[in-house]
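One structure below.
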Amino acid sequence: MTVQKGVTRPASPRHVRGERIKDEVYRQMFLLEESRPSAEMGLALALLRAWIAADSKPASDEERDWLKKISAICLEMIEAALQAGGAVHPCVQ
């Protein structure tokens, strides 16, 4: 039997969904960096969707590690954007 190089398996639906969630979080981060209106809310919602998706399926350690790391970064971005805009949310102290 010969081993074929360059043959890849099709991505699992779980993997594809995980990549879509990551793409959405990164897209919202870029929108926030561009100071788009309501970008803070968009990023917060994308993070919530990511956490809900992680809880609804058995996530790999790699996915959970990414989510923990990116959430801390996103929260700092959201807080900075809110403070720069003059609107300080009561939860952001």
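Want the number for R49 to R64: 0.36 nm per residue separation, take away the alpha-carbon distance, what's left? Display every interim value, and only then the final one.
Values: separation 15, 0.36 × 15 = 5.40 nm, distance 1.34 nm.
Going from the current span to full extension adds 4.1 nm.
Packing order of peptides 60-66, 73-79, highest average first: 73-79, 60-66 (average count of other Cβ atoms within 10 Å over each peptide's residues).
Bear in mind that the values in this text are calculations on the coordinates, not laboratory data. Just so it is clear, the model here is predicted, and its values are computed rather than measured. Methodologically, a virtual Cβ is constructed for each residue, glycine included, from the backbone with ideal geometry; neighbour enumeration extends over all protein chains shown.
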